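The values are calculated or read from the model by the stated rules, or taken from the named source; none is laboratory data. Everything numeric here is computed off the predicted structure, so don't read it as measured data. Here the Cβ positions follow ideal geometry from the backbone for every residue, glycine too, while neighbour counts run over all protein chains shown.
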Amino acid sequence: MPASIAVLDVIKRFRMRGTDVLALDHVRLKLDAGCFGAIIGPSGCGKSTLLRMVADLFEPTDGRIDIGGAPPSRLRREHAIGFVFQSPTLLPWRTVIDNVRLPLRIAGIAEADAPRKPADLIGLVGLKGFENALPGQLSGGMQQRAAIARALVMNPQVLLLDEPFGALDEITRQRLNTELLRIWAESGTTALLVTHSIAEAVFMADRVFVMSPRPGRIETTIEVDLPRPRSLGMMNTTAFHAIEGAVREALFAHESPDAATSGGADRP
Amino acid sequence: MKRLPAFWLPVVTTLALLLIAEGAQRSGLFPITVAAPSQVWQVLTGNPRLFGETVVPTLQAAMLGYLCAAVAAVAAASVATLVAATWTPIYRFGVALSSIPLTATTPLLVVWIGNGLSTRVLIAALASYFPILVGAMQGFRAFESTSAELFHVLSASPLQRLRLLVLPASLPLLFAGLKIAAPSAVLGTILAEWAGAERGLGVLMIYALGAFDVPKVWFAVIASCALAAGVYALAAAIEMRVVRWQAATVLED
């Protein structure tokens with residue numbers, strides 16, 4: 001059962017070298033159950049922090065996060081959150097299939113009772129034949145496929161993705177994005193993706209949350225009404241470019257007219 | 001086919017060097033303080049009880065001391081990891097222990113505890129404790145920070161985190177420490193035997209030196225080297241069985 005995600009007026013402060021830093025300021029975000037959301041923003045805008053709070057890795061300083069009516073901590077204890085990190089984070093001593101089995105092992109669930117069969121998931125992410133390979137024998141893209149299979153093995157209510165293909169080359173990235181959409185559609189879960197690529201956000205999501213930095217806040221929410229299933233050909237359509245343009249405009253809304261040419265080099 | 005030269009090259013080289021040494025000694029090119037390989041071999045074959053009276057007691061004390069050091073170091077590293085406040089004191093105590101010159105304290109310990117097995121075990125343990133401690137302390141922190149986040153999201157219990165993440169991730173560094181410490185345990189034992197023991201390689205060294213029995217001195221030296229290398233090889237062999245993922249080769253997709 002996919003769950004909706006609601007972030008309600010969340011504030012996050014960190015103490016860094018004795019001073020209070022406001023990382024996130026009154027962040028509001030709503031994503032319906034079964035939808036695909038993308039959070040986009042420049043480096044340091046707190047988008048990873050926001051995603052980690054949804055995963056109950058941090059707690060908000062103020063405000064509330066609600067996943068299908070429950071706090072993130074309850075979902076986490078129920079093993080209902082799937083998380084894909086920027087690095088594959090596979091255990092190098094476990095084979096691919098044993099890495100995919102890890103959440104079952106920790107939840108104390110026998111393979112026969114698994115919400116999703118590890119062997120099927122390995123087929124779904126295109127790693128058939130590599131079940132018994134060690135992560136060190138796989139390329140970065142293949143490792144990330146295994147990490148996606150691991151995130152889905154408990155049939156999570158939400159799938160959280162923190163720049164999952166950020167470290168890969170453009171070609172592999174495009175291919176894996178298309179595959180991720182297929183896997184997500186098949187799983188029926190709610191997905192929330194953090195990215196810093198405008199094209200990726202528009203291509204993947206139903207709803208794009210544009211963030212601005214210092215302090216991190218949601219600038220605009222942009223609906224993406226492109227039909228599904230999405231194909232790479234859609235990226236050449238006028239509708240796609242129009243939405244891309246809207247996201248870009250929102251990202252650079254607070255830059256002065258000459259910032260883009262001179263002083264804006266550190267804020268791409 | 002590629003493994004064959006890798007295996008045979010050192011064997012052939014060693015045999016060739018032994019033959020050259022034998023020839024050089026017999027033709028009088030070496031001084032009398034260098035024993036011919038055949039003379040050293042005769043020390044071993046000519047005295048049936050020698051092996052049991054020298055190599056075996058030294059190996060026994062070294063292995064016991066090594067095991068004690070391993071248990072103590074891993075236990076200390078566990079405490080340091082679990083209780084953050086003890087990290088620095090435990091490390092500094094280890095540094096202090098390893099800074100003590102054992103050549104100076106060994107006679108003292110022999111006077112205090114006597115020249116029994118326990119003294120030799122203690123000194124072997126003191127000599128090998130610190131590398132294992134460093135390996136274990138670094139090893140218990142060696143897991144990736146995102147792996148810790150993963151285990152949190154998966155709601156792993158502290159025990160699951162220890163068994164499935166912290167311990168396996170520590171093995172490469174732990175074994176690095178164990179391998180460095182292995183020859184030190186042998187060295188520590190021999191040092192203790194010099195300061196007073198009834199049997200062992202160290203005793204043979206002192207005796208043979210006093211009697212100017214050159215082949216026996218060489219036998220003791222070569223046996224010590226072989227013993228140190230042997231304990232190292234044992235640790236390396238266990239590592240190869242336990243830490244298999246390190247040698248993995250990379251495929252492309």
Exactly one of (1) under 24 Å from A:Gly188 (Cβ atoms); (2) loosely packed, with under 15 Cβ neighbours inside 10 Å is unmet by A:Ile97. Its number?
(2)
Assess whether B:Ala208 counts as being without any contact (Cβ under 8 Å) to a residue 24 or more places away in the chain, more than 14 Å from chain A (Cβ to nearest Cβ) and crowded, with 17+ Cβ neighbours inside 10 Å.
yes
Just checking, which of A:Thr190, A:Thr178 is touching a Ser or Thr at 6+ places or on another chain (Cβ under 9 Å), surrounded by fewer than 17 Cβ atoms within 10 Å (Cβ to Cβ) and over 26 Å from A:Leu134 (Cβ atoms)?
A:Thr178
From A:Ala259, A:Ala199, A:Ala191, which residue is out of contact with any strand residue (DSSP E or B) (no Cβ under 9 Å at 6 or more places or on another chain) and either aromatic (Phe, Trp, Tyr) or modelled with pLDDT of 90 or more (or both)?
A:Ala199
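Is it the case that B:Thr45 is in a helix (DSSP H, G or I), closer than 22 Å to B:Ala185 by Cβ and β-branched (Val, Ile, Thr)?
Taking the combined requirement at face value, the residue does not satisfy it.
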Flagged pairs (Cβ under 9 angstrom, 6 or more apart or on separate chains; first in region B:15-42, within 15 Å of B:Ile222 (Cβ to Cβ); second part of a helix (DSSP H, G or I) and charged (D, E, K, R)) are B:Ala35/B:Lys216; B:Ala36/B:Glu22; B:Ala36/B:Arg26; B:Pro37/B:Glu22; B:Ser38/B:Glu22; B:Ser38/B:Arg26; B:Val40/B:Lys216
Tell me, which residue of region A:164-216 that is among the hydroxyl-bearing types (Ser, Thr, Tyr) and part of a loop (DSSP other than H, G, I, E, B) is farthest from A:Ala242 (Cα to Cα)?
A:Thr189
List the helices (runs of 4 or more DSSP H) that sit entirely inside region B:86-160 and contain at least 1 residues that are at pLDDT 90 or above, within 14 Å of another protein chain (Cβ to nearest Cβ) and buried (at least 19 other Cβ atoms within 10 Å of the Cβ).
B:117-139, B:145-153
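Go through region A:133-162 and give me each residue that's within 12 Å of chain B (Cβ to nearest Cβ) and either in a loop (DSSP other than H, G, I, E, B) or of a type in the set (D, E, K, R) (or both).
Within region A:133-162, A:Ala133, A:Leu134, A:Leu138, A:Ser139, A:Arg145, A:Arg150, A:Val153, A:Met154, A:Pro156, A:Asp162 qualify.
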Matching residues, region B:167-205, being touching a residue at least 60 places away in the same chain (Cβ under 8 Å), surrounded by 21 or more Cβ atoms within 10 Å (Cβ to Cβ) and within 14 Å of chain A (Cβ to nearest Cβ):
B:Leu174, B:Phe175
Subset of region A:106-126, residues within 25 Å of B:Ala169 (Cα to Cα) and under 24 Å from the mean Cα position of the chain (by Cα), comes to A:Ile106, A:Ala107, A:Pro118, A:Ile122
Kindly list, by first and then second residue, each pair from a residue in region A:87-115 that is more than 9 Å from chain B (Cβ to nearest Cβ) to a residue that is surrounded by fewer than 16 Cβ atoms within 10 Å (Cβ to Cβ), limited to pairs with Cβ atoms under 6 Å and residues at least 6 apart or on different chains.
A:Thr95/A:Asn132
